[in-house]
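Participant: Have a look at this one.
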Amino acid sequence: MANREPIKRSGPMAAAAFGIALAVAGCSAPRRVDTEVAPTADFSSRHTFAWQESQASYDPQPPERDVEEVKRAIRDTVVEQLALKGFRESQEAEVDFLVSFHLVVTTVMTEPELCTRRHIIFEYVGTTPALDEIEMCTGNVDPSPRFVRQGTLVVFVVDPVTRNLLWQGSVVGAAVSRRDDVETLRGAVAQMLAEFPSGPV
């Protein structure tokens with residue numbers, strides 16, 4: 001992406017290949033949204049947008065129909081949320097900005113938890129005071145490793161002429177599998193786009 005302009009940040013973000021690295025670990029993870037907008041990105045004079053090629057890759061790879069359903073859910077939600085901001089998708093050759101997303105999902109193995117932390121409810125002589133938290137390691141804890149989905153979901157908005165980045169948003173904690181609740185994914189993307197600048201009044 002040529003001539004990338006400085007970006008204003010609206011949340012803590014870690015630098016990576018595109019300025020964002022996030023983890024997506026299933027629908028039980030807390031959701032966090034980060035967005036950035038270029039200082040010169042004036043959306044008050046922009047009305048229409050079109051899509052650039054978007055990517056969704058998995059390791060291991062699920063059936064292609066499942067990937068397409070996830071991509072469709074992301075795209076439909078972005079279109080719906082941008083419409084609420086005053087923008088409309090257009091098939092015309094000339095539009096005011098371009099939208100795309102990049103989703104990468106991998107499955108990693110985590111170390112088993114052999115110990116748990118618990119609160120002591122009752123106070124005993126010579127032990128930790130009541131309500132203090134201690135670490136308890138027992139043979140009853142499941143020693144088998146856990147497999148967790150981790151990934152990246154970023155939405156990009158660029159100027160169609162200069163190709164400068166105008167806005168980008170990321171969401172952490174969104175469900176990214178067809179087996180997950182698609183509404184959870186839609187809600188996460190909607191939360192991200194809620195911070196998108198408003199269009200012409």
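Participant: Say we look at the range 159-197 and pick out the residues that are modelled with pLDDT under 95 and among the hydroxyl-bearing types (Ser, Thr, Tyr); which of these is least open to solvent (accessible area, probe 1.4 Å)?
Facilitator: Going through the qualifying residues, I end up with Ser170.
Participant: Now a separate question. Out of (1) among the hydroxyl-bearing types (Ser, Thr, Tyr); (2) open to solvent by less than 50 Å² (accessible area, probe 1.4 Å); (3) closer than 17 Å to Phe196 by Cβ, the odd one out for Ser44 is which?
Facilitator: The number of the failed condition is (2).
Participant: Here is a follow-up. Search the range 85-95 for residues being more than 18 Å from Thr162 (Cβ to Cβ) and free of Cβ contacts under 8 Å to residues at least 60 places away in the same chain, and hand back the single one that is most open to solvent (accessible area, probe 1.4 Å).
Facilitator: Per the criteria, the residue is Gln91.
The values are calculated or read from the model by the stated rules, or taken from the named source; none is laboratory data. Note that this is a predicted model, so its numbers are computed, not measured. In this analysis, Cβ positions are derived from the backbone assuming ideal geometry, glycine residues included, and neighbour counts consider all displayed protein chains. The area values use the complete protein model at the heavy-atom level, side chains included, leaving out ligands, DNA and RNA. Shrake-Rupley method; radii C 1.70, N 1.55, O 1.52, S 1.80 Å.
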